[in-house]
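Novice: I am attaching a structure below and will ask some questions about it afterwards.
The values are calculated or read from the model by the stated rules, or taken from the named source; none is laboratory data. What you see is a predicted model, and the numbers here were worked out from it, not measured in a lab. Reconstructed Cβ throughout: ideal geometry from the backbone, glycine too, with neighbour counts over all protein chains shown. In case anyone asks, the SASA skips ligands and DNA or RNA and just uses the protein heavy atoms, side chains included. Shrake-Rupley method; radii C 1.70, N 1.55, O 1.52, S 1.80 Å.
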Amino acid sequence: MANEQIMTTIAGRLQAVRTRIQRAAVEAGRHENAVTLVAVSKAQSADSIRQAYLSGQRQFGENYLQEALDKQSELADLAIEWHFIGPIQSNKTQAIAQHFAWVHGVDRLKIAERLSQARPGHLPPLQICIQINVSNESSKSGASPQEVDALVDAIAKLPGLRLRGLMAIPAPTQEIALQQKQFRMLREIYESLRARGYLLDTLSMGMSDDFPAAINEGATIVRIGSAIFGARTKTEK
Ligand SMILES: *Cc1c(COP(=O)(O)O)cnc(C)c1O
């Protein structure tokens, strides 16, 4: 596609997604700006990210470290807030702690400790969401709901990190009731942590196919890729 066409397409899709986010928030009785959009740019070119940026998008989510670092250096002239949303291997924690503002997929203490140790002192604390497995699939990553309390107690004490909330990737389903059920489970865990005194403000849930249901259940961050950039063409690593 010619550059100009990519621009028109991404700008138009981004605007349509923003409108749908605002509408879902208002329908849920929330403020139209209650939900932050993280544009998921895995497998998308630096050029596509730049076009979305020119349409006002500032938060971008990446899953694969090396791919993200390459794009970050190409886009170093832009004031992007980078979110790491992929699975975290322990040998990647140092680079992640150095190059991202947010990490959404923390699901065990060892990873949090490594991120804490590696966060450079001149940067603000790394913003953290703990990933919870809400679909009961043993294959899915994420801490189990039973582990959450202990994990939060430990992670909240670590220097260099700021625990903001919870994240989940529910099992994909077209059934709205099932989507709602999984999002509600995450929100209930979140509410119980807040009731225990943790000042959490972030529920990172909702993707292209299910974000209205997530917003209805209280999502404060939605992570949306294909609805903005189109289907991912490059093979995912
Ligand atoms: C890919 C991905 C998304 C975005 O998915 P889309 O269906 O393209 O919107 C959101 N969150 C995570 C963790 C992802 O890996």
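Novice: Please go through segment 162-178 and pick out each residue that is open to solvent by 20 Å² or more (accessible area, probe 1.4 Å), not small (Gly, Ala, Ser) and not in a loop (DSSP other than H, G, I, E, B).
Specialist: Across segment 162-178, the qualifying residues are ARG162, LEU163, ARG164, ILE176, LEU178.
Novice: Just one of ILE130, ILE111, ILE96, ILE155 is at pLDDT 95 or above, in contact with an Asp or Glu (Cβ under 7 Å, 6 or more places away or on another chain) and of a type in the set (A, V, I, L, M); which is it? Working first, answer last.
Specialist: Working: ILE111 fails: in contact with an Asp or Glu (Cβ under 7 Å, 6 or more places away or on another chain); ILE96 fails: in contact with an Asp or Glu (Cβ under 7 Å, 6 or more places away or on another chain); ILE155 fails: in contact with an Asp or Glu (Cβ under 7 Å, 6 or more places away or on another chain).
Testing whether each residue is at pLDDT 95 or above, in contact with an Asp or Glu (Cβ under 7 Å, 6 or more places away or on another chain) and of a type in the set (A, V, I, L, M) leaves just ILE130.
Novice: Given the structure, is ASP210 more than 16 Å from the ligand (Cβ to nearest atom), under 18 Å from the mean Cα position of the chain (by Cα) and of a type outside the set (A, V, I, L, M, F, W, C)?
Specialist: Details: more than 16 Å from the ligand (Cβ to nearest atom): no; under 18 Å from the mean Cα position of the chain (by Cα): yes; of a type outside the set (A, V, I, L, M, F, W, C): yes.
Here the answer is no, as ASP210 does not meet what is asked.
Novice: Looking only at segment 175-195, count how many residues are closer than 17 Å to ILE155 by Cβ and at pLDDT below 95.
Specialist: Taking segment 175-195 as the starting set, the residues that turn out to be closer than 17 Å to ILE155 by Cβ are 186, 189-190, 192-194.
Add one more test, that the residue is at pLDDT below 95, and what stays is none.
So the answer is 0.
Novice: Quick one: GLY218 ticks every box in (1) open to solvent by 10 Å² or more (accessible area, probe 1.4 Å); (2) within 16 Å of the chain's Cα centre (by Cα); (3) farther than 27 Å from LYS110 by Cβ; (4) within 16 Å of the ligand (Cβ to nearest atom) except a single one, so which number is it?
Specialist: So GLY218 meets the others, but not (4).
Novice: Another question about this same structure. Suppose we filter GLU137, GLU147 for residues that are within 20 Å of PRO87 (Cβ to Cβ) and open to solvent by 70 Å² or more (accessible area, probe 1.4 Å); which single one remains? Full working, then the answer.
Specialist: Working: GLU137 fails: open to solvent by 70 Å² or more (accessible area, probe 1.4 Å).
Sole residue among the options that is within 20 Å of PRO87 (Cβ to Cβ) and open to solvent by 70 Å² or more (accessible area, probe 1.4 Å): GLU147.
Novice: Give the residues of segment 175-192 that are of a type in the set (D, E, K, R) and in contact (Cβ under 8 Å) with a residue 24 or more places away in the chain, sorted by residue number.
Specialist: First, the residues of segment 175-192 that are of a type in the set (D, E, K, R): 175, 181, 184, 187-188, 191.
Once the filter is applied, which keeps residues that are of a type in the set (D, E, K, R) and in contact (Cβ under 8 Å) with a residue 24 or more places away in the chain, segment 175-192 yields ARG184, ARG187.
Novice: Residues of segment 179-207 being of a type in the set (Phe, Trp, Tyr) and under 15 Å from the mean Cα position of the chain (by Cα), which ones? Give the steps one after another, and end with the answer.
Specialist: Step one: filter segment 179-207 for residues of a type in the set (Phe, Trp, Tyr), giving 183, 190, 198.
PHE183, the sole residue that qualifies.
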